[in-house]
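The structure appears right after this line, and notes come after that.
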Amino acid sequence: MITIGAFDAKTHFSNLLVKAEHGEEIIITRHGHPVAKIVPIKTLSNQQKMKLLNDELLSMRKGQDKGSEPGSSLKELIEAGRRY
């Protein structure tokens, strides 16, 4: 496990990502106190991976439903598309 200060983490972020890809965990500190942790994605459970992917898809989809409400049925989405 690597421990690195926030300033150095910002400066060497690309290198930290490579280390995480290779299985290393990185703790980021501010004024000597741990505040964040970078972990390889493969250590997440399948359920955690699915939640991350779902959250990302939902954030990408925001504003693309042409006036429909979140959770709309397929029929409602099709009808909303016909109105525009």
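Residues whose amide H lies under 5 Å from that of Gly5, counting only those 5 or more places away or on a different chain, are Thr29; hydrogens are built 1.01 Å from N in the peptide plane. The length gained on full extension between His22 and Asn54, counted as 0.36 nm times the residue separation minus their Cα-Cα distance, comes to 9.1 nm.
In this rough spin-label picture, where each label sits 7 Å from Cα along the Cβ direction, the His12-Ser73 distance is 5.7 nm.
Bear in mind these aren't lab numbers, they're just calculated from the coordinates by the rules spelled out. In this text the structure is predicted, and so the values were computed from the model without any measurement. Cβ sites come from the backbone with ideal geometry, for glycine too, and all protein chains shown count toward neighbours.
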